[in-house]
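Take a look at the structure below.
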Amino acid sequence: LSRGNLRCERAQNEMERTSLYFRIAKLEKGVKRFQRQLQDVKPTPDYIGKLKEVMEEVENSINNFKEEQRQIYEELLNEEKTCAQEILGLEKKIDTWALAVAAPPQTCSKVPLAKSIEENLPAEVAELEKFLQQTGGRQGGWDDFDHQNFLRVWTKHSGKPAYLKEALMYLPGRTEEEIKLHENWYQEFLFLEERKKEAIAKWKSKRRREKEELLQQKETSEGELARQQAAREEARRKREEQERREKEAQLQDWRGQKEQQRRREEQRRLREEALRRRREKEERRRQLEARLAAEEYARQKREREDRLRVENELRERAELEEKRRQAASEIVKFQERDLLKLEVKLQEKQAKEEDKAEREKRLAKLKEKVEAHISRDPSRLWKPTKGWEERTKEIGPTGGGPVLHLPHRAVPSWRQGI
């Protein structure tokens, strides 16, 4: 039956691992898709809205995944705590059975098992449990994904401050201040965890010594046993007191170092903040100067353009006035030329009329001198004229000799073929 349960548990773990792998791959795919879209950003409202939707979708997926993993790890942490308490209770019972010390029967009070176990635990264990309860468990309130990434980067750089830059890349949802606080928590957790391990080892050693002492008590007298027990208890108390003082001194030294480191970090942060503010102030001043220079340049440019426009208008008006003046002058010249031509034509017409009148006078004088006496012969209209009679004469043979060649001028090359 146990083997079957083990196989079922392994199969279930394998299924959970596969499901977790696919979910992480899906988240990685969404992040890479968002990164590709960021490489070629188009400043349009639709594209920006689409980017916002993709970013919200990826962010919601990551937050849901982290919340689910946090709940799962909290449940596992509670189960681990319960199992540890039960194991300690069983170890105590086994130790009690091994001692086989007779004791008078006592009425057992109904005390919860967890409470009785916590009362018997070393102070270091209780201190660690209290620290974990106050700070959000074994991951400092972070989800497993962020905590594991932090551990990987922090371990890679051995806790040196240079790990912060790489940690910010692996933890996009965390600020530098949160990472530093988590580092402080983790260092204190390691310190308390080491103290817990040492305390448990001492507690087990103590239990083992107590078993040996109880076995020795059976062989020795009660007085000697009491004396030895008292001496051992005193030595143990002194030793534990000395160890406690040393641990307390170490803890105080560590806390003092952390406080000094925190103060140095705070001073560095204040210096960086002051430097950032100075840079922002300088940048605002530079932008203001650039804006004022641009406004001054624009004003001078407008003034130059207005001055050029006025000069162009004045020049165009002067040119138009000059053209009008020249046109008026040309019109006067044309009018004078037309008048001159008109006078010439009138003079020519008058001269022609005078010539015509002169010819008519001369013809009249000639008519008066010459009087023609011609008889009227109406039949003369039907008679052929001398010219017609010459045409109608019979033309004799012109001879059958060879046709003479008539010379012609040569045709130029540019007229050939026309």
Taking the criterion of being assigned to a helix (DSSP H, G or I), of a type in the set (Phe, Trp, Tyr) and either closer than 30 Å to LEU90 by Cβ or touching an Asp or Glu at 6+ places or on another chain (Cβ under 7 Å) (or both), would at least one residue in the stretch 160-179 satisfy it? no
Just need a number here: residues in the stretch 34-56 that are assigned to a helix (DSSP H, G or I), farther than 22 Å from ASN149 by Cα and out of contact with any helix residue (DSSP H, G or I) (no Cβ under 7 Å at 6 or more places or on another chain). 12
Is it true that ARG255 is assigned to a loop (DSSP other than H, G, I, E, B), surrounded by 10 or more Cβ atoms within 10 Å (Cβ to Cβ) and of a type outside the set (A, V, I, L, M, F, W, C)? no
Of the residues ARG291, ARG263, ARG302, ARG325, which is surrounded by 10 or more Cβ atoms within 10 Å (Cβ to Cβ), free of Cβ contacts under 8 Å to residues at least 40 places away in the same chain, under 30 Å from ASN184 (Cβ atoms) and not assigned by TED's automatic domain parsing to the domain that holds GLU177? ARG263
Take GLU272 and tell me if it is at pLDDT 90 or above, charged (D, E, K, R), surrounded by 10 or more Cβ atoms within 10 Å (Cβ to Cβ) and within 24 Å of GLU177 (Cβ to Cβ). yes
Select from the stretch 175-230 the residues that are modelled with pLDDT of 85 or more and aromatic (Phe, Trp, Tyr) and list them in ascending order. TRP185, TYR186, PHE189, PHE191
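The values are calculated or read from the model by the stated rules, or taken from the named source; none is laboratory data. Bear in mind that the values here come from a model prediction, so they are computed numbers and not experimental data. Note that we place each Cβ from the backbone using ideal geometry, even for glycine, and neighbour counts take in every protein chain shown.
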